[in-house]
Each structure stands twice: as structure tokens, then as C-alpha cells.
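**Q** This is the structure I want to talk about, given as C-alpha cells.
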Amino acid sequence: MGTLVGTVTDPQGGVIAGAKVTINEDATGLKYELTTSATGDYIRPALKPGTYTITAEAAGFRRFSQKNVVLVGGDRVAIP
């Protein structure tokens, strides 16, 4: 199992609290939905090894997607 972590920020680098983060396991289509903390952070532990697409969205901001995020067992991958 692995862990994905990240911080959602605006173009100026300010954190976005309450942003919706969706982690999609590409091979199975399984989705995990999270909400960022007051500091813009999110964490999703216990993910199977595989390739994921991470999408973040918040009111007033453009939707952002990061594709082809590879997670290997035991990894803790930070998404920029």
C-alpha cells in the first residue's frame, strides 16, 4: 500500500481550504474523494500500487488534473 499527499494552492501560492480532491485509480476507475484541510493539505493512505489521476477543484478556480501518478507499494508520493 502507498500514500498520496499534497497541498492545493492558488496561482500566487496561497492555500485553498475546502477544495475537492478526487483520486482516480486508472486501471479500475475506483475513486476516492477528499476535502483539503484549513492549510490546503490532503492525504490518502492505504492505496494499492498503480497509476492514478488526481483532480482538484474549488469554487472560483480552474480545475487542475495531474495524470499518470505512479504509486508503488510503501511509497509516499507528494503531488506538487
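The values are calculated or read from the model by the stated rules, or taken from the named source; none is laboratory data. As the structure is a prediction and not an experimental result, all values here were calculated from the model. Positions of Cβ are backbone-derived with ideal geometry, glycine not excepted, and every protein chain shown enters the neighbour counts. Note: areas computed on protein heavy atoms with side chains; ligands, DNA, RNA excluded. Shrake-Rupley method; radii C 1.70, N 1.55, O 1.52, S 1.80 Å.
**Q** If I model a spin label at Asn68 and Asp10 as a point 7 Å from the Cα along the Cα→Cβ vector, what separation in nanometres do I get?
**A** Placing both labels 7 Å beyond Cα along the Cβ direction yields 3.2 nm.
**Q** Further question on the same structure: For region 4-19, just list the computed ³J(HN,Hα) in residue order, Karplus coefficients 6.51, -1.76 and 1.60, θ = phi - 60°, integers in Hz, with x standing in for Gly and Pro.
**A** 10, 9, x, 10, 8, 10, 8, x, 8, x, x, 6, 10, 7, x, 6
**Q** Over the chain, what percent of the accessible surface lies on carbon and sulfur atoms, probe 1.4 Å?
**A** That fraction is 54 percent.
**Q** Follow-up. Let me have the relative contact order for the chain, percent, based on Cα pairs under 8 Å that are six or more residues apart. Can you show the working numbers first?
**A** Details: 188 pairs, mean separation 31.5, N = 80.
Once divided by the residue count of the chain, the mean separation gives 39 percent.
**Q** Between Ala19 and residues 5 or more places away or on another chain, which pairs have amide H atoms under 5 Å apart, with H built 1.01 Å from N, and which residues are they?
**A** Under 5 Å from the amide H of Ala19: Thr36.
**Q** Which cross-chain or sequence-distant (5 or more) residues have an amide H under 5 Å from the amide H of Leu30, H modelled 1.01 Å from N in plane?
**A** Sorted by chain and number, the residues that satisfy this are Glu25.
**Q** Across region 51-57, in residue order, what do the Karplus-derived ³J(HN,Hα) couplings come to in whole Hz, using 6.51 cos²θ - 1.76 cosθ + 1.60 with θ = phi - 60° and x for Gly and Pro?
**A** Per-residue couplings from phi come out as 10, 10, 10, 10, 10, 10, 8 Hz.
**Q** Next up: Per residue, what accessible area does region 20-62 have, given a 1.4 Å probe and all protein chains present, in Å²?
**A** Working: 2410 Å² over 43 residues.
Ligands and nucleic acids excluded, the result is 56 Å² per residue.
**Q** Amide H neighbours of Gly6 under 5 Å, at least 5 residues apart or on other chains, H built in the peptide plane: list them.
**A** Those lying under 5 Å, H to H, from Gly6 are Tyr42, Ile79.
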